[in-house]
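Read through the structure below, which is laid out as C-alpha cells, and then see the notes.
The values are calculated or read from the model by the stated rules, or taken from the named source; none is laboratory data. For clarity, every value in this text was computed on a predicted model and none was experimentally measured. Neighbour counts run over all protein chains shown; Cβ positions are idealised from the backbone, glycine included.
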Amino acid sequence: MMTQITKRNANKFLKDEYDDLVKNHIEWNIRVLESGSKPHSIVNGKEVIMMCSNNYLNLSNHPRLIKGSIEAAKKYGAGSGSVRAIAGTLQIHTEVEKRLARFKRTESALIYQTGFAANAGLIPQLVSDGDIVISDKLNHGSIIDGVRLSKAERAVYEHRDMSDLEKVLKDADKKYRRILIITDGVFSMDGDIAPMDKIVKLANEYGAMTYVDDAHGEGVIGPDGRGIGAHFHIEGKIDVEMGTFSKAFGVVGGLIAGSQDLINFAYNKSRTWLLSGSHPPAVSGAQLAAIDVLETEPEHVKRLWDNTKYFKNELKSLGFNTGESETPITPVIVGDSGKAKELSNQLFDEGVFALPIVFPMVARDKARIRTMMNAGLTQKDLDFALDKFEKLGKQLSII
Amino acid sequence: MTVQIGFLVNPIAGMGGRVGLKGTDGVLKKAVMLGAKPVTPQKAEEMLREFCAISANHRDLQWITCGGDMGNNELEAVGIKNKQVVYSPSGNTTSADDTKNACKKLLEHHIDLLVFCGGDGTTRDIFTIVDKKIPLLGIPAGVKMHSGVFGINTTAAAKMLHEFINERLTIGDAEIMDLDEELYRRGEWKVRLFGVAKGIVEPTYIQVGKACFESVSDDEVKDELAEHINDELEKHPGWLFLFCSGGTIDYIAKKLNIQHTLLGIDAIYQKQLVGKDVNEKQILTLLKKYPKTKILLSPIGAQGFILGRGNLQLSPAVINKIGVDNIIVVATPSKLMHTPILRVDTGDKKLDRLFTTQGYLMVVIGYRLSRVVKLQTNSF
C-alpha cells in the first residue's frame, strides 16, 4: 500500500499568523452593535453615544431612506441578479446615477459597489506604464491600493503643500505621458481639507488630471453637502470626483462624478465594476432617498455643523487641543499613545464611543481621540460627552 | 528580558576642536598644551540625564561599561547603579587602543546596542572591532561628525535610546566616514566612506488597513528599491550604470546578483561588471566606450551627501559628461528621516549651482515611488 507523505500543512499558517498578531496586541477586536448605527447605540451590550461612525447626518435612520429601501425591495426584489454589464443593471441603478449627476452638477455619474471598489477599479485604468500618479502624502489606504495596482510610477508631495506639488509636477512634466494628481478631499485623521482650487489650477498648468476622494466631504462640506467641488465653487472642474454613499449619505456604495467621457471610460474599463454583483434594489432605493433628503432638507447639514461648532468650542474652553480640523472630524489631542488608548477605553465605559488614533497614523507625541460629529446628537448628548471628556481629561492629567 | 546596553566614552575625543585643531587623533599633546579640556564626559552625562528623565523603565536595563571616564564615572554621576565594568584603561590618558580593547570586552557580554560618546575617529576605532555585529548609537561630542551613527545632539540620542529599548526602532545602515586628517589640516578636504555599520532608525510604515499600519524592515524597503533598479536596468539595456558606494547600493547590487564594491564605484553593463572600484580616470575611459551612462547614488553619512563625500571619483568632469539628468538617487524613508536634506559638494561651483538652483531632487524611496527632497551645497 502506498503511504502518502504530507509535504506541508496547508492551513497551519492561518492560526500561526493570527496568534502572532494577538501576541503583539495588534489584532482587531471587533465591537458589535446590537442596535443599528444610531446616535445612541448598543455596543457590546452597552449604551453609548456614538462619536466614531461616518453616519454624519444620521441618514441611516431617516424614515424616508428606510421607506425608500423597503419600497425598492418590494418593487424590484432582494437582489439584482447579475453584474451591471450583463443583466444586473436595474432601472433604479440608472435613476440614482442621473440624480447624482444633477446633485453634483456634473455631466454624468457612475455607482460602484463601494468606495474602495471605485478607487481600486478606476485608478489603475487611468494610468499605466509611462504615466505618473502624484498623491498627497496622507492619502487614504484605498487610494494607495488603487495606485499600487497600476503600473504607473508614483510620487508623493508633502501634505497639502502646493509648492511641493509644483516641484513634482515640474519634474513629471518632462518625463511622463499622463499625470494624475490624487488627493483626499477631507483628510480623515485631522479633519483638514485639501486646497482643491489650487490643485486644479496647478493641474491645468501642467496638463494633469485631477482625482479627489471626497468620501468624508460628501454630504458634509459645500452648500447642501454637495461636496468639495461645491465647497470651492469649482463644480465640474475636477476631472474625477469620487465619493461614497456609506458615510453622510447613510447607505453604501462608491460614486464617481465627472464628464460623460469619464463615465463611458470608467464602466467599460473598471474591473471592480464589471466583475462584481450590483447593488440590491434596497440599497439603490435608500441612495435615491438620501439624495432627495439632501436636496429638500437642509436642516441635517446645518445641525451637523452647529453641533460641530458647539462641540469644538466647548472642548477648547475646557482646555483641550483640537488641532487644525475644519470639518466635523474633531481630534482631541492627548499626546502619549498609551494615554489616548486609556482615555478611549474609559470614555467607552462611561458611555461615549470614540476611537484613539496613535502612532504611526500620527506623530508619536500627537496621539488623539478622533471624534466624528453627528447631526442626530442633541445638545444634551453633547453636554454628556463633554462632561465625560472633562472628568476623564482631568483624571488622566490631559487638561 | 533585560536589555544590555554597552556604554563607552572616549575621554579625549572632541578636545582638538575647542583649540582650533581639526580632530584629536595624533595631536592630543598639542591640544592639551593649547589648553584643551575633556569634552565627552560632560556630553555623555548630559545624554544620560536626559535619558533617565524620559525613560520610566531605565531601571530594567543593564549597562555594560568601562572604568573611569570611559563610562563608569558618567553613569555614577547620574546615579545609575545597575552596571558592570568589563574593561579598565591602564594609564591616566586613554588611546585608540583602549577604545578597541574595550569593544572586544563589551562584545563578549552580548550587548544589544553600543552607545558611545566621541567623534568620527572614535567611530572608526569602534567599527574596526564591532563591524556589523551590533548596532551603534553615537552621542556627538567630537570635532567633526560625518558618520551616520550619531544622534544630532544629546537630546536626540537620549530619545533614540528610549525608543530603541521600547522596541520602536529598527536596524538600518549607518555609514562610517573617514577624513584624511593630515590633508584636512593642510586645507584639503577628502572624506571617504570607511565602512557601513548598523545603526538604529525609525521604521518605515505602510498602511495595511483602515487605521492600521505595519512597519516594514529596512531590508524590505531595499528589496523594493532593488526591484525598481532592476526595471531601470531592463528599460535601458544599452546604458552603462555606475553603482556608487554605500550600504543601500550594495544591497541592491547583491539582490540583483551583481558584484559590488561596498566602499567604491563599480561600472555595470547589462548586469555584468565591466569596471571594479573605478577611479575618475577609469570612469572617463569607460565613458568613451559607453556614451550613455546613468549614475546610481544613495546619501552618505550624517549630512546626507550624494556628491562630494564618499563618491569622490565622480569628479565634475565625470558628472558633466554623464549629465545631471542621468543621476538616480535612491534612499529608504528611514534614511531620509535621518538626513532630510541632501547635499552636494562637487568642488566645481558652477556644477554645484546647477543642482542647487533647482533646490531639490526627486529621490526614489520605493518601487516606482519617489518624493521631493531638498538639496543644498556644502556649507562648511
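Close Cβ contacts (under 7 Å, 6 or more residues apart or on different chains) running from residues in the stretch A:352-375 that are more than 16 Å from A:Glu314 (Cβ to Cβ) and within 14 Å of chain B (Cβ to nearest Cβ) to residues that are assigned to a strand (DSSP E or B) and of a type in the set (Ser, Thr, Tyr) comprise A:Pro360/B:Tyr205.
Could you go through the stretch B:135-154 and let me know if any residue there is more than 15 Å from the chain's Cα centre (by Cα), under 24 Å from B:Leu61 (Cβ atoms) and hydroxyl-bearing (Ser, Thr, Tyr). Yes; the residues of the stretch B:135-154 include at least one that is more than 15 Å from the chain's Cα centre (by Cα), under 24 Å from B:Leu61 (Cβ atoms) and hydroxyl-bearing (Ser, Thr, Tyr).
Hey, can you tell me all the residues within the stretch A:251-269 that are buried (at least 18 other Cβ atoms within 10 Å of the Cβ) and either modelled with pLDDT under 95 or in a helix (DSSP H, G or I) (or both)? Selection gives A:Leu262, A:Ile263, A:Ala266, A:Tyr267. Of the residues contained in the stretch A:374-390, one or more are found to be assigned by TED's automatic domain parsing to the domain that holds A:Trp305, in contact with a helix residue (DSSP H, G or I) (Cβ under 9 Å, 6 or more places away or on another chain), more than 14 Å from A:Met51 (Cα to Cα) and not small (Gly, Ala, Ser).
Elements of the type helices (runs of 4 or more DSSP H) sitting completely within the stretch B:199-300 and holding at least 2 residues that are within 14 Å of chain A (Cβ to nearest Cβ) and within 27 Å of B:Val373 (Cα to Cα): these cover B:218-235. Among the residues making up the stretch A:27-57, a single one is more than 30 Å from A:Thr378 (Cβ to Cβ) and exposed (fewer than 12 other Cβ atoms within 10 Å of the Cβ): A:Trp28. Residues in the stretch B:213-231 that are among the β-branched types (Val, Ile, Thr) and in contact (Cβ under 8 Å) with a residue 24 or more places away in the chain were compared, and the one that is farthest from A:Ala152 (Cα to Cα) is B:Val221. The set of residues in the stretch A:111-155 being among the aromatic types (Phe, Trp, Tyr) and at pLDDT below 95 consists of A:Phe116 alone. Among the residues of the stretch A:270-297, the ones that are out of contact with any Pro (no Cβ under 9 Å at 6 or more places or on another chain) and assigned to a loop (DSSP other than H, G, I, E, B) come to 5 in all. Per the conditions (1) within 14 Å of chain A (Cβ to nearest Cβ); (2) more than 23 Å from the chain's Cα centre (by Cα), the sole criterion not satisfied by B:Tyr360 is (2). I want to confirm something. Restricting to the stretch A:312-364 and keeping residues that are of a type in the set (Lys, Arg) and closer than 23 Å to A:Phe187 by Cα, which single residue is surrounded by the fewest Cβ atoms within 10 Å (Cβ to Cβ)? My answer is A:Lys316.
The residue that is farthest from A:Phe245 (Cα to Cα), among those in the stretch A:80-97 that are of a type in the set (A, V, I, L, M, F, W, C) and assigned to a helix (DSSP H, G or I), is A:Ile92. The set of residues in the stretch B:131-158 being in a loop (DSSP other than H, G, I, E, B) and aliphatic (A, V, I, L, M) consists of B:Ile134, B:Ala141, B:Val143, B:Met145, B:Val149, B:Ile152. Kindly establish whether B:Phe127 is within 22 Å of B:Ala302 (Cα to Cα), part of a strand (DSSP E or B), at pLDDT 95 or above and in the same structural domain as B:Ala13 (by TED's automatic domain parsing). When the stated conditions are applied, B:Phe127 does not pass them. Residue check: A:Glu241 meets all listed conditions (1) acidic (Asp, Glu); (2) at pLDDT 95 or above; (3) not assigned by TED's automatic domain parsing to the domain that holds A:Ser82 but one, namely (3).
The sole residue among B:Leu114, B:Leu75, B:Leu107, B:Leu161 that is in contact with a Gly (Cβ under 6 Å, 6 or more places away or on another chain) and outside any loop (DSSP other than H, G, I, E, B) is B:Leu114. Condition test on A:Leu304, is it crowded, with 19+ Cβ neighbours inside 10 Å, over 22 Å from A:Arg364 (Cβ atoms) and in contact with a His (Cβ under 8 Å, 6 or more places away or on another chain)? It is false that A:Leu304 is crowded, with 19+ Cβ neighbours inside 10 Å, over 22 Å from A:Arg364 (Cβ atoms) and in contact with a His (Cβ under 8 Å, 6 or more places away or on another chain). Given the structure, is A:Lys247 among the basic types (Lys, Arg) and either in the same structural domain as A:Thr327 (by TED's automatic domain parsing) or in a loop (DSSP other than H, G, I, E, B) (or both)? Here the answer is yes, as A:Lys247 does meet what is asked. Please go through the stretch B:80-106 and pick out each residue that is at pLDDT below 95, aliphatic (A, V, I, L, M) and surrounded by fewer than 19 Cβ atoms within 10 Å (Cβ to Cβ). The answer is B:Ala96, and nothing else.
In this structure, A:Arg160 qualifies as on the phi > 0 side of the Ramachandran plot, surrounded by fewer than 23 Cβ atoms within 10 Å (Cβ to Cβ) and not small (Gly, Ala, Ser). Scan the stretch A:218-230 for residues that are buried (at least 24 other Cβ atoms within 10 Å of the Cβ) and assigned to a helix (DSSP H, G or I) and the total you get is 3.
Within the stretch A:169-178, identify whether any single residue is of a type in the set (A, V, I, L, M) and more than 14 Å from chain B (Cβ to nearest Cβ), and answer yes or no. Checked the stretch A:169-178: no residue is of a type in the set (A, V, I, L, M) and more than 14 Å from chain B (Cβ to nearest Cβ).
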